[in-house]
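Engineer: First the structure, which I've put down as structure tokens, then a few questions once you've had a look.
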Amino acid sequence: MFRLSHYMNVLLQDDLVAPRRPRRPVRPVVIWNLTRRCNLKCRHCYAVAANHHFPGELTTDEAVGVLDDLARYGIPALILSGGEPLYRGDTLDLAKRAKDHGLYTALSTNGTPIKGAVAKQVAEVGFDYVGISLDGIGRMNDWFRGEEGAFDEALAGVRECKRLGIKVGLRFTMTRDNCDQLAELIDLAKSEGVEKFYLSHLVYAGRGNKHRADDTNWDITRAALDLLIARAFEAATKGDSFEIVTGNNDADAVYFLRWAEARFTQERVANLRQHLETWGGNASGRGVANIDTQGVVHPDTYWSDYSLDSVRNRPFSEIWEDLSDPVLAGLRHRPRPLKGRCGACAYKAVCGGNTRIRALQLTGDPWEADPACYLGDAEIGVVSAGSDEAAARAIISPFRGTRHDPAHRFN
């Protein structure tokens, strides 16, 4: 996840503070898919969820054992997901146990079940964060999610969370079908008092792989980042706490860094780059892990076809420390054994090679170039400058002479 608003604030801060490096081994944020059951039928669902019982899911006793191991191992955060996690009967009990362990605990939901007694129970758990997915306004969201009325119900869930004092964010998966509603969704988040907006790029996994032709082209992606940067800059300069983050395309960090290079002093840009390199980009297999509904451990949620082992065989903590698996070892290594454009990229220390699962899906090799990197060769230092001048100019021009151009204020 690229925390655009955070790094915008790093860029604009008056005191150029060096990034803090972790003093202890990195433990992963664990995204735990508790069930595949879901009331919606989203076009991009990586879990291929449906509204019926799926056999073989972890029992409550098994889930409690996993949870206790995660707490002992010292993971920094737990995200309970699905399917729709609220369609599993013991999800809130597991969440309470996670909170009792002192874990940062978040809920990833489509929002439609958050009403009435369920909303009160969600509030009683004390979730640190509830992320609700909306993939368009009104009928666009309903088409995307395969259920008429899903938008209204999800928005009602957002409002219930706000009414009950729960920190809530909106998650938006962008495709060529819904990209024109990005600005409207950001405006909706602001008007509803939502604290965070998360733009997720499409990942070729589950139904997302089936519909990968829906992925945006480079021009659309760049225009979306221009908009997000403008909104993040506006919020930062106004002291607004509204947070914008992106996920599943770590080239976003490089795009932002190059945006800064065109507008700010070398000192500020160098400080920003140091912070971005400390973050390191894509975290699959290192800072992010996934446990699926059957207890199988994956490098992240989109690697459902690549299994490390099962918590039914040995504890998660033991699986995650075992680097005999060559892919896990490669994901953990810095720099990763990247090939092609990604291997030659001058910014690979910033993005970490981007999303490896897309390369695996398209080429069969997890170390080949990510096909969703939308930066031209000249922008990433792969070929001599001048061979890709149009792309290079595109990243310099978006805010020149507009109210969003900060050059005159911070140089």
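Engineer: Collect the residues in the range 236-258 that are open to solvent by 10 Å² or more (accessible area, probe 1.4 Å), of a type in the set (Gly, Ala, Ser) and part of a helix (DSSP H, G or I), keeping them in residue-number order.
Structural biologist: Ala236
Engineer: Here are Leu323, Leu272: which of them is touching a helix residue (DSSP H, G or I) at 6+ places or on another chain (Cβ under 9 Å) and in a helix (DSSP H, G or I)? It would help to see each step written out before you state the result.
Structural biologist: On the way: Leu323 fails: in a helix (DSSP H, G or I).
Residue meeting the stated conditions: Leu272.
Engineer: Which one is modelled with the highest pLDDT among residues in the range 145-182 that are assigned to a helix (DSSP H, G or I) and within 15 Å of Thr246 (Cβ to Cβ)?
Structural biologist: Pass one, the range 145-182, residues assigned to a helix (DSSP H, G or I): 145, 150-163, 179-182.
Still in the list and also within 15 Å of Thr246 (Cβ to Cβ): 179, 182.
Numbers: Cys179: 92, Leu182: 96.
This residue is Leu182.
Engineer: Under 8 Å by Cβ, and 6 or more places apart or on different chains, what pairs join a residue from the range 104-128 that is farther than 21 Å from Tyr198 by Cα with one that is open to solvent by 10 Å² or more (accessible area, probe 1.4 Å) and among the hydroxyl-bearing types (Ser, Thr, Tyr)?
Structural biologist: If the second residue must be open to solvent by 10 Å² or more (accessible area, probe 1.4 Å) and among the hydroxyl-bearing types (Ser, Thr, Tyr), no pairs are left.
Engineer: Exactly one of (1) farther than 20 Å from Val194 by Cα; (2) in contact (Cβ under 8 Å) with a residue 60 or more places away in the chain; (3) open to solvent by less than 20 Å² (accessible area, probe 1.4 Å) is unmet by Gly146. Its number?
Structural biologist: All conditions are met except number (3).
Engineer: While we're on this one: Output yes when any residue across the range 113-123 is under 20 Å from Asn33 (Cβ atoms), open to solvent by 10 Å² or more (accessible area, probe 1.4 Å) and not acidic (Asp, Glu), and no when none is. Break it down into steps so the answer makes sense when it comes.
Structural biologist: Here is the first cut: in the range 113-123, the ones under 20 Å from Asn33 (Cβ atoms) are 113-114, 118, 122.
So of that shortlist, the ones also open to solvent by 10 Å² or more (accessible area, probe 1.4 Å) come out as 113, 118.
Still in the list and also not acidic (Asp, Glu): 113, 118.
Checked against the condition, which is being under 20 Å from Asn33 (Cβ atoms), open to solvent by 10 Å² or more (accessible area, probe 1.4 Å) and not acidic (Asp, Glu), the range 113-123 yields at least one hit.
Engineer: (1) open to solvent by 20 Å² or more (accessible area, probe 1.4 Å); (2) among the β-branched types (Val, Ile, Thr); (3) modelled with pLDDT of 95 or more: which one isn't true of Ile75, the others all being true?
Structural biologist: Result: Ile75 fails condition (1) only.
Residues are listed down the side, and each one gets a yes or a no for (1) more than 30 Å from Lys238 (Cβ to Cβ); (2) under 21 Å from the mean Cα position of the chain (by Cα); (3) surrounded by fewer than 23 Cβ atoms within 10 Å (Cβ to Cβ):
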site	(1), (2), (3)
Asn141	no, yes, no
Ala150	yes, no, no
Leu170	no, yes, no
Asp177	yes, yes, yes
Ser200	no, yes, yes
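Engineer: Tally the residues that are open to solvent by 30 Å² or more (accessible area, probe 1.4 Å) and polar (S, T, N, Q), restricting the search to the range 215-235.
Structural biologist: Number of matching residues: 1.
Engineer: With respect to Thr363, is the statement that it is out of contact with any Leu (no Cβ under 9 Å at 6 or more places or on another chain), open to solvent by less than 40 Å² (accessible area, probe 1.4 Å) and of a type outside the set (A, V, I, L, M, F, W, C) true?
Structural biologist: Working: out of contact with any Leu (no Cβ under 9 Å at 6 or more places or on another chain): yes; open to solvent by less than 40 Å² (accessible area, probe 1.4 Å): no; of a type outside the set (A, V, I, L, M, F, W, C): yes.
The answer is no for Thr363.
Engineer: Here's something else I'd like to know. What helices (runs of 4 or more DSSP H) lie completely within the range 2-118 and have 3 or more residues being touching a strand residue (DSSP E or B) at 6+ places or on another chain (Cβ under 7 Å)?
Structural biologist: Numbers: elements: 4-12, 60-73, 91-100.
Per the criteria, 91-100.
Engineer: Can you tell which of Ala390, Ala329, Ala385, Ala394 is farther than 30 Å from Glu62 by Cβ, open to solvent by less than 60 Å² (accessible area, probe 1.4 Å) and either outside any strand (DSSP E or B) or modelled with pLDDT of 95 or more (or both)? Lay out the reasoning, then the answer.
Structural biologist: Numbers: Ala390 fails: open to solvent by less than 60 Å² (accessible area, probe 1.4 Å); Ala329 fails: farther than 30 Å from Glu62 by Cβ; Ala385 fails: open to solvent by less than 60 Å² (accessible area, probe 1.4 Å).
Being farther than 30 Å from Glu62 by Cβ, open to solvent by less than 60 Å² (accessible area, probe 1.4 Å) and either outside any strand (DSSP E or B) or modelled with pLDDT of 95 or more (or both) holds for just one of Ala390, Ala329, Ala385, Ala394, which is Ala394.
Engineer: So, one more: Across the range 256-294, what is the number of residues that are over 23 Å from Ile357 (Cα atoms), touching a Lys or Arg at 6+ places or on another chain (Cβ under 9 Å) and small (Gly, Ala, Ser)?
Structural biologist: Residues in the range 256-294 being over 23 Å from Ile357 (Cα atoms), touching a Lys or Arg at 6+ places or on another chain (Cβ under 9 Å) and small (Gly, Ala, Ser): 2 in total.
Engineer: Pick from Thr91, Thr109, Thr60, Thr105: which is modelled with pLDDT of 95 or more, of a type outside the set (D, E, K, R) and open to solvent by 60 Å² or more (accessible area, probe 1.4 Å)? First the steps, then the outcome.
Structural biologist: Numbers: Thr91 fails: open to solvent by 60 Å² or more (accessible area, probe 1.4 Å); Thr109 fails: open to solvent by 60 Å² or more (accessible area, probe 1.4 Å); Thr105 fails: open to solvent by 60 Å² or more (accessible area, probe 1.4 Å).
Criteria check complete, one pass: Thr60.
Engineer: Follow-up. Looking only at the range 117-125, decide whether some residue is closer than 26 Å to His201 by Cβ and not β-branched (Val, Ile, Thr).
Structural biologist: First pass over the range 117-125, keeping only residues closer than 26 Å to His201 by Cβ: none.
The answer is no; no qualifying residue exists.
Engineer: Any residue that is touching a residue at least 12 places away in the same chain (Cβ under 8 Å), open to solvent by less than 30 Å² (accessible area, probe 1.4 Å), more than 28 Å from Leu257 (Cα to Cα) and of a type in the set (A, V, I, L, M) - is there at least one of those in the range 341-355? Can you show your working first?
Structural biologist: As a first pass, look at the range 341-355 and keep what is touching a residue at least 12 places away in the same chain (Cβ under 8 Å): 341-355.
Retained after the next criterion (residues that are open to solvent by less than 30 Å² (accessible area, probe 1.4 Å)): 342-343, 345, 347, 350-355.
The next check asks that each one be more than 28 Å from Leu257 (Cα to Cα); those that pass are none.
No - not one qualifying residue is present in the range 341-355.
Engineer: Out of the residues in the range 19-31 meeting the condition of being modelled with pLDDT of 85 or more and surrounded by fewer than 20 Cβ atoms within 10 Å (Cβ to Cβ), tell me which one is nearest to Phe172 (Cα to Cα). Full working, then the answer.
Structural biologist: At the first step, the residues of the range 19-31 found to be modelled with pLDDT of 85 or more are 19, 26-31.
Imposing the further condition that a residue be surrounded by fewer than 20 Cβ atoms within 10 Å (Cβ to Cβ) reduces the set to 19, 26-27, 29.
Details: Pro19: 29, Val26: 28, Arg27: 27, Val29: 20 Å.
Ranking the candidates gives Val29 first.
The values are calculated or read from the model by the stated rules, or taken from the named source; none is laboratory data. The structure presented is a predicted model; accordingly, all values stated were derived computationally and were not measured. Here Cβ is always computed from backbone atoms with ideal geometry, including for glycine, and neighbour counts include all displayed protein chains. SASA here: full protein model, heavy atoms, side chains in, ligands and nucleic acids out. Shrake-Rupley method; radii C 1.70, N 1.55, O 1.52, S 1.80 Å.
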